[in-house]
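Chemist: Below is a structure I'd like to ask you about.
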Amino acid sequence: MSKKLWSLGLLLLFALILVACSEDGTDETSTDTETEGETTETSASPQVLVFGRGGDSTSLDPAITTEGESFKVTKNIYETLLNFGEQDTTIHPGLAEEWEVSEDGLEYTFKLQQGVKFHDGTDFNADAVIKNIDRWKAGTAEKFYYFNSMFKSEGEDIIKEVIAEDDYTVVFKLSRPQAPFLKNLAMSPFGIASPTAFEKHGNQFESNPVGTGPFKFVSWERNTSITIEKFEDYWQEGLPKLDRVIFQVIPDNTTRLQNLIKGEIDLADGINPSDRASIEADAALQLIERPSMNIGYLGLTNTRPPFDNQLVRQAVNHAIDKQAIIDAFFDGGAEAAVNPMPSSITGYNDEITGYDYNPEKAKELLAEAGYDGAEIELWAMPVARPYMPDGAKVAEVIQKNLADIGMPAKIVSFEWATYLEKAKNGEADAFMLGWTGDNGDADNFLYTLLDKDTIGSNNYAYYSNDEVHELLVAAQSETNEDVRIDLYKQAQQIIFEDAPWVPLAHSTPLLAANAKVKGFLAHPTGSDLLSNVSME
Amino acid sequence: MLHYIGKRLLHLIPVLFGMTIIVFLIIRAIPGDPAQVILGQQATAEAIAALRDSLGLNNPWYIQYFDYLKNIVTGDLGESLRTSRPIAAEVWPYLAATFELALFAMLIAVIVGMNAGIISAWFQNSWFDYIAMIVALIGVSMPIFWLGLMEQWIFSINLEWLPTSGRQDVRDPVTAITHFYLIDTLIQGRFDQFIVVVKHLILPGVALATIPTAIIARMTRASMLEVIRSDYIRTARAKGQRMFVVIYKHALKNALIPVLTVIGLQTGLLLGGAILTETIFSWPGIGRYLYEAIGYRDYPVIQSGILIIAFLFVMINLIVDVLYTAIDSRIKYN
Amino acid sequence: MAELIRDLPQTVEQDKVAGPWKEAWRSFKKSKSAVAGTGIVIFFILVAIFGPMLAPQGINEQNLAIRLLPPSSDYWFGTDDLGRDVLSRILHGARLSLTVGISAVVLSAFFGSLLGIIAGYYGRWIDTVISRIFDIMLAFPSILLAIAVVSILGPSLRNALIAIAIINVPNFGRLIRSRVLAIKEEEYIHAVKAIGMKNSRILWRHILPNSMTPIIVQGTLAIATAIIEAAALGFLGLGAEAPQPEWGKMLADARMFLLNAPWAMVFPGVAIMLTVIGFNLMGDGLRDALDPKMKN
C-alpha cells in the first residue's frame, strides 16, 4: 500500500483516458488502413460489410432452425434448388437450372447446375440432393420443423421419393399434388448442405455449416458476431463482390442506428420508422425499404364475448382509425390492411374495400348487437416486430378508438413468451399480433392463420368457418392457377364478412445503410442475399 | 484462519443447495413454454409437444429437479435449450465480458473514490470537500441506466469522443484467448486494439462505477476523519512530515478495512447489477445473457447462470472477509 | 422484586422515547442537508398529491399532430411520441413512483421485521432457517430476482412493487434480527422475563419499540433504492403498463427517440434523481440524528 502504488494507478488511469481521447481525433478508417494496409498494398483494401442486426442466430443449420435471424446468415452460406426473385417470391433457377412438372402434378424433374462445389470440396450432384432430402425425412418433427410443416400432411410425406436419373437430374415423386411445392423448395430452410460435412459433424453441424453459397463460414462469437468470407470457388462468375461479411448483434434499434451513423457498421436492420426522416436527410446514409410481405392485426377471439358476435367484430373494424396509426407509428411506411394478406400475394381479392373508419356506424352496430358496455382486455404486444414496430403505443391509440365508440378497454401485456402462450390458449379478448410470410403463397397466410385446423397453433383468433376450410383445403392441392386464385378470393370474401380480426397494416420494414453500400436489395422474406453487394 | 475458511465453506453448502431449489421453483413458476419459444411463432402444436417430450419437460417436476441436481453435483451445467450447446462452454465469454467491465469499473471506483475521500477528509469543510460530497450524493442517487443514456448522448453522439456500444471495433475484432480483451490484446501485442478496447470500456465503466465510487468516497472520508483526528496522525503531522506520506503511509492502512468491505460488497453487486448497463451499451455480458435466457425460458441457462453468479458472489464475500481478518488481526472470529 | 417491576419498564421507555426523540429532532433540524432532503421529499409528496391538479394537460390527451415537440412555452418539457405533454405526465408520475417506493418499503419492512424478530427472539432452528433463507436471497443479484418475480406474476406496476418488496425483505430482516439479539441481552429484558412476562408482550412492549429507529432510518434509505428499482423495472418493460406515466417507462419510451428528441429523455431521469436525492439526504440526516452508531 505504498504511495507509489496509488500514484501509479492514478497515473495509469489518466494516461489511458488521455490516450483514448486524443486518439479519437483520427478517423476510424485510418486505424483500418494501419492494420490491414500492410498485407494488401497492391489491391484495394478488402471489401468488408458489417451488417448490424437485433439478435444472434440460434443455429447455422437452416434445416433445424425456424428463426429469421438464422436464415439471414444461412441464406448466404447455402443455396436452394430454386431461388426466389430478387425482391419477390417468384420462382427462379437456383442449384437447379431447369425443371419440369408432370401433368398430374405428382412428378417434378430438376436439372442440376454442373460444376458446383461445396465449401469443403465435395461435389454438388444428384447424390447430394438425395442425401439432404433423406436427412430431412428421417428427422423428427421437432428437429426439422420446416420440412415437416411444409412437406408433410397428417404425418404422411408429400415427397414420396427422390430418384437420381443421372448425376445431374433428380426426380421428386409426390404422394399428392401440392400447389406451392416449388415455392416451398425455395425457402431458406431447404438450403442444400454438404453431405460430407453433416455426416462428419453430426450434432455439431449447426456450428460448422458447409454449403455451396457465395460465402463460407469463418467464425461465430455467440451473441456478438458471425463472420463469413468470400468462397473463392463459387460457381457464379465474379460473385460475391464482398470479401467478408460480419453480422454484428446490437439489440437496441436506436443504438444500432447510432453505430451506423458513426460508421461502426455499414448496414442496419430494424430501423425505427420514426428515424426515417433523419436518415433521409443524412447524405452519408441511405434508407432501404424491405418490400412488405406481412400483416399486423388486432385479433378478436371469436369464442369469447363480446367478440363471439359478428356485429361487434364488424363494429370494432369500423372503429379503428388505421390511417392515423400508420401515420404516427409507421411514419406512413405501411399500407392499411384490408385482407389478411398483402396485395402482392397472388390470389389477393382487391374487390373487397374493407371497413371504413366510421365511429358512428360502429356505434350503431354495437347497439344492434346489444353490446352491454362490458370492459374488454386489450393485449398489447410487448416486443417490436417488423409488422408492429411499437405495439404498446398502437394499443394506446386503439384503446382510445374503442373508448370513442363506448367500448372500455384495459391494456394488458405479458412477456412475449407468456403472451404467445396465453393468446394461443384463447385467453385474450382482443390481442395484437402479426405474421411475416415464409414463401409468399396465399396458403401461408390464409390457411396458416385462419383455418379451423390451425386453431391451437397459429389461428390465435379461434376463427372457425367450415366453408372457408373447404375452400382453403381445396386450394392446397389445386394445380390450376386460375381456379386456385378464385378459391382464395372466395375465402377472403367470407373472412371479410365474418371479420375475425381487424387487419391493421402491411408495414414496410426499414433498413439503413452507409451511402457507400451498393447493390443491396432487401428481400421480403427477411433473408437477404449479399452476393451482389459491394462497397464503393 | 484455515479453520475459519473451512467453516465458511461448509456454511456455503446449504446456501447453494437452497439456491438450487429456489431457482428451480421460480423458473418453473414462470408461465410460458420454452418449447414454444424455441420453435417460434410459426410452430405447430404437435411439434411443440414433441419438443417438450424430448427436452424432458413432461417429466414430473421432482424428477426434473433431481436430474438437474445430479448434473450440477457432477459438474455438468447442462445444455442451453435454445442453442443446444453446453452451458459450461457457452458461459465463459459472457462472464469474462462482465468481469472485465466490473473490474474496470471497480478500478475507477477505488482510485477516484478513495482519493476523493482522502482529500475531502484532509481538507474537511473546504470547497473541495463540499463539492465532492455533493457529487457523491448525486452519485448514490443516480439511476445508472439514465446516466448511461446521457453519457451516450453527450460523449458519443454529440462530442463523438467515444464509441456508443459494444466491446471492440467490429471491423478489427480481437482474437479471443482469455476473453478478457484487455489481456488478449496485450498478449498479442496489439496496442492499437488495446486502446480501442479501453475506449469501449470507458462509458459503461463510468456508469457502472458511479455508485461504488460515491460510496467508497463517503466511506473513505468518514474513516479517514476518525484516523486523522487520532493522536498518532497529529504527531506525525506536527513532526512536519509531508501530507502525502502521512496519509498514504499511516492513515490509509487504518481506513482501509471498512472500505474493503464496501469494495467486496460492491464488486459482487456489480456482477449481477450490470444488466441495465449491459443492456444500454450492448455489452455481451452475463447479465444480458441471463436476462435474454429468461425471455427465452431457457431453463438450464437461467438455473446454471444464476447459480454461477450467486456462487461468485458468496465467494467474493468470503475472500473479503478473509482479507479483513488478515489485515486487521484485531477482528476475531469464532 | 416489586420495585423492579415498577421501576424498570417506565424508566427505560421514557428514556428511549421522550428524551432521545427530542434530542434527535434538535440535531436533525441542525443538519442542513437533512432539512434540504426533507424539503425535497415534501415537495415531491405535494407534487404527488396535487400534481394532477396542477398539470397543464391531461396525461392521456393524445394529439398525434404535435408529436415530439421540443420544450417551449406551451409545453415546458416538450411532448412525447403520442403528442402528450411531458410535464403533465411527470407530475402524475410522482404519485406512481412515490406510491411504489413507499408501499414496497413498508411491505418489506413489515415482513422483514416480523421475520427478523422471530428469528432473533426465538433463536435456535427457527433462526437458522430464517437466516439461511435470507442468505440465499441475498446471494441472488437483486435485480435478477426482481425480474424473475415479475416474470412469474406478469409485468405490472403492482407486481413490480411486490418484487421490490420481496428483494428488500432480507435487508430489514437481518437488521432487526441483530438489533433484537442485542436488546435481548440487555438487563431489563432479562428482568421482565424473569418475572414471567409473556413472550408476545415482551416483543410488543419492549423489543419492537426499541427496534423502530433502525427501521425508520433503513426504511427512508430503502425508499430511495426502491424508487430506482421500480424505474429500472419500468425501463426494462417489466413495470408500469401503458398508458401509466411511470418515470422509468417514460425513459424507455424516450430512448427510441434519442436521436430526434433527446429532451424527452432528460426530464424523467432528472425527476427520478431528485426524488432519490431527497430520500437519501433525509435518510442520512435521520441516521445521524437518531442513531449515530449506525453511521458506519
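Taken together, the values in this text are just the output of simple stated rules run on the coordinates, not laboratory data. What you are looking at is a predicted structure, and each value in this text was computed from that prediction instead of being measured. Cβ placement follows ideal geometry from the backbone for every residue including glycine, while neighbour counts extend to all protein chains displayed.
Chemist: Using Cβ contacts closer than 10 Å as the measure, can you line up B:99, A:414, C:110 from fewest to most?
Modeler: Arranged by neighbour count, lowest to highest, B:99, A:414, C:110 become C:110, B:99, A:414.
Chemist: Can you list the residues of the range A:115-152 with backbone N under 11 Å from a point 7 Å past the Cα of residue A:164, pointing along Cα to Cβ?
Modeler: The answer is A:123-132, whose backbone nitrogens lie closer than 11 Å to the label point.
Chemist: Modelled label-to-label distance, residue C:49 and residue C:128, 7 Å Cα→beta-carbon offset: nm?
Modeler: About 5.1 nm, to one decimal.
Chemist: Within chain A, which DSSP H helices have Cα atoms that stretch 30 Å or more along the helix axis and a mean Kyte-Doolittle hydropathy of at least -1.0?
Modeler: Length and hydropathy pass: none found.
Chemist: Additional query: Sort the range A:179-218 into rounded, prolate or oblate with this rule: let a ≥ b ≥ c be the square roots of the eigenvalues of the Cα gyration tensor; rounded if a/c is under 1.5, and if a/c is not under 1.5, prolate when a/b is larger than b/c, oblate otherwise.
Modeler: prolate
Chemist: Defining a contact as two alpha carbons under 8 Å apart and six or more residues distant in sequence, what relative contact order in percent does chain B show?
Modeler: 27
Chemist: Another one. Assign one of three labels to the protein assembly as shown, namely rounded, prolate or oblate, based on the Cα gyration tensor with a ≥ b ≥ c the square roots of its eigenvalues; rounded applies when a/c is under 1.5, prolate when it is not and a/b is larger than b/c, and oblate otherwise.
Modeler: Because a/c hits 1.5 or more and a/b exceeds b/c, the protein assembly as shown counts as prolate.
Chemist: Please find the FRET efficiency linking residue C:61 to residue A:452, where r is the Cβ-Cβ separation and R0 is fixed at 56 Å, and quote it to the nearest 0.05.
Modeler: According to the calculation, E is roughly 0.85.
Chemist: Considering amide H positions built from the backbone, and no H for Pro or chain starts, which residues 5 or more places from residue A:83, or on another chain, come under 5 Å of its amide H?
Modeler: Here A:92, A:94 satisfy the definition.
Chemist: Right, another one. What distance in nm separates the two pseudo spin-label positions at residue A:98 and residue B:16, each 7 Å out from Cα along the beta-carbon direction?
Modeler: 6.9
Chemist: Please identify which residues in the range C:143-164 have an amide N closer than 18 Å to a label point set 7 Å out from the Cα of residue A:410, following the Cα→Cβ vector.
Modeler: C:153-162, by backbone N distance to the label point.
Chemist: How high is the FRET efficiency from residue B:53 to residue B:25, r the C-beta distance, R0 25 Å, rounded to 0.05?
Modeler: Details: r = 22 Å, r/R0 = 0.89.
Once rounded, the FRET efficiency stands at 0.65.
Chemist: Related question: Under 5 Å between amide H atoms, partner at least 5 residues away or on a different chain: which partners does residue A:50 have, H built in plane at 1.01 Å?
Modeler: A:246, A:266, A:267
Chemist: Quick one: grab the alpha carbon gyration tensor of chain A, order the square roots of its eigenvalues as a ≥ b ≥ c, and give me rounded if a/c is under 1.5, else prolate or oblate depending on whether a/b is larger than b/c.
Modeler: Here chain A falls in the oblate category.
Chemist: Pairs of alpha-carbon atoms within less than 8 angstrom and 6+ residues apart define the contacts here; what relative contact order does chain C have, in percent?
Modeler: 26
Chemist: Roughly how tilted is helix C:2-30, in degrees to the nearest 10 and between 0 and 90, from the longest Cα axis of chain C?
Modeler: That helix lies at roughly 30 degrees to the long axis.
Chemist: Follow-up. Loop-only GluC sites (Glu not before Pro) in the range A:64-115, please: DSSP not H, G, I, E or B, and at most 10 other Cβ atoms within 10 Å.
Modeler: Qualifying residues, ordered by number: A:103.
Chemist: How much length, in nm to one decimal, is gained on full extension between residue B:107 and residue B:226, taken as 0.36 nm per residue of separation minus their Cα-Cα distance?
Modeler: 40.4 nm
Chemist: Taking 8 Å as the Cα distance limit and 6 or more residues as the minimum spacing, I'd like the relative contact order of the range A:380-536 as a percentage.
Modeler: Normalised by residue count, the contact order of the range A:380-536 is 18 percent.
Chemist: Hey, another quick one. Helix-derived [θ] at 222 nm for chain A: sum -39500 (n - 2.57) over DSSP H runs of at least 4, divide by residue count, nearest 500?
Modeler: -10000 deg cm²/dmol
Chemist: How much FRET efficiency would the formula 1/(1 + (r/R0)^6) give for residue B:71 and residue B:158, where r is the Cβ-Cβ distance and R0 is 45 Å, rounded to 0.05?
Modeler: The pair residue B:71/residue B:158 has a calculated efficiency of 0.35.
Chemist: With axes computed from alpha carbons, what is the tilt in degrees of helix B:127-140 against the longest principal axis of chain B, rounded to the nearest 10 within 0 to 90?
Modeler: It works out to around 10 degrees.
Chemist: In chain B, once you exclude exposed trypsin sites (Lys or Arg not before Pro) (DSSP loop, at most 16 other Cβ within 10 angstrom), what's the longest stretch remaining?
Modeler: After excluding every exposed loop site, the longest remaining stretch is B:1-238.
Chemist: Could you work out how far apart the two model spin labels at residue A:521 and residue A:353 are, taking each label as a point 7 Å from the Cα in the direction of the beta carbon, and quote it in nm?
Modeler: Spacing of the two 7 Å Cα→Cβ label points: 3.6 nm.
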